[in-house]
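The values are calculated or read from the model by the stated rules, or taken from the named source; none is laboratory data. None of these values were measured; they are calculated from a predicted model. Don't worry about glycine lacking a Cβ; one is built from the backbone with ideal geometry, like all the others, and counts go over all protein chains shown.
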Amino acid sequence: QERFNDPGKYVRRFSTSVDIPYDRTGDQLIGMQLYFGPNKFQSLKGYGDLGLQNVVTVGGAMLRWINAFVVIPIFGWLNKYFVNYGIIILLLTLIIKVALFPLTYKSFKSQAVMRLLKPQVDEIGERYPKKDDAMKKQQATMDLYKKAGANPMGGCLPMLLQFPILYAMFRFFPTSIELRQEGFLWAHDLSTYDSILTLPWDIPMYGDHVSLFTLLMTVTTMLSMRYNNQAGAGSSQMPGMKTMMYIMPVMFMVILNNFSAGLTYYYFLANVITLGQNFLFKRFIDEEKIMQKINAKKNKPAKKSKFAQRLEAIQKQQTQQKSLGGKKPQPKKKSR
């Protein structure tokens, strides 16, 4: 792999070597099939059982399924109606965010519930300040969540379910031959990094250039993490969150500075749309109604599960046996 100075012609050059069996007589015929064409997933897939589409590394297992059956078909469909790939990536981002909207809404609503319960959680912390009372504090907190019908993991699980999509896009854009030599705004080629400034030296891991899409992605990631931290239960329960809020985006900035501009452009758009969604959620979600529902659930007696009812019946039976000296209670005889 070799990098060249002229970005208008090429970015990298690859070479390979193939070993074939040697025959001194020169009479041996070796059949070979060669493919000269773009590494386009749909085109390679058309060659049947040869499995040429496996050359395009769009991910393994579930990620490959997401890209092969969801992302690539949508991308190809948009390509029929739009020429500019910057617009195509924008529309693809909107489609994905709309599909993930229910999960995003559920996550935000769960964070709102946790934020409303935070004053009561703080009161429990003041009630059990000692380390020896950690178990009592945890039990009291879980009882509060149970009575209020809140799930501490309710805000995390929907976000975790979105990670496969996030990583699938990480594998999709760098392997999209369609983006080769396609420009958008200041990016001359969306298949490689966009450079707005060439540095006089090469920084390890970062490179010798500055990618504007990567910078925009980093700034919007920080804003999104800060907003989520404020919208959640607060940072007092997780002291390391403030530090991670700045370390993680900077790490991604260093890593993704040399990646496809199409990828960092997508992440930037996804962050902007997420910030817009959160603003709308905060404006239209009525926290007073949520608090009324929480209080109603707290005042409502908890419905026992069938397992809990059976367990309670067994405990009553054991208590009766102990009171009778270990003898089982005899059934009453009916008088004729």
Residues being modelled with pLDDT under 80 and farther than 14 Å from residue 108 by Cα - total across region 227-253: 12
Within region 197-205, identify whether any single residue is touching a helix residue (DSSP H, G or I) at 6+ places or on another chain (Cβ under 6 Å) and assigned to a strand (DSSP E or B), and answer yes or no. no
I'd like the residue in region 1-36 that is surrounded by 10 or more Cβ atoms within 10 Å (Cβ to Cβ) and at pLDDT 70 or above and, out of all such residues, is nearest to residue 190 (Cα to Cα). 35
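Could you tell me which residue of region 265-320 is modelled with the lowest pLDDT, considering only residues that are among the hydroxyl-bearing types (Ser, Thr, Tyr) and assigned to a helix (DSSP H, G or I)?
Of the residues in region 265-320, the ones among the hydroxyl-bearing types (Ser, Thr, Tyr) are 265-267, 274, 305, 319.
Imposing the further condition that a residue be assigned to a helix (DSSP H, G or I) reduces the set to 265-267, 274, 319.
Numbers: 265: 93, 266: 91, 267: 91, 274: 88, 319: 69.
Selected residue: 319.
Conditions tested, residue by residue: (1) surrounded by 17 or more Cβ atoms within 10 Å (Cβ to Cβ); (2) part of a helix (DSSP H, G or I); (3) not polar (S, T, N, Q).
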| site | (1), (2), (3) |
| --- | --- |
| 38 | no, no, yes |
| 43 | no, yes, no |
| 65 | no, yes, yes |
| 71 | yes, yes, yes |
| 74 | no, yes, yes |
| 77 | no, yes, yes |
| 94 | no, yes, yes |
| 102 | no, yes, yes |
| 115 | yes, yes, yes |
Of the conditions (1) at pLDDT below 85; (2) within 30 Å of residue 284 (Cα to Cα); (3) basic (Lys, Arg), residue 97 clears all except one; give me its number. (1)
Residue selected from region 79-92 under the condition in a helix (DSSP H, G or I) and surrounded by fewer than 14 Cβ atoms within 10 Å (Cβ to Cβ), by the criterion nearest to the chain's Cα centre (by Cα): 87
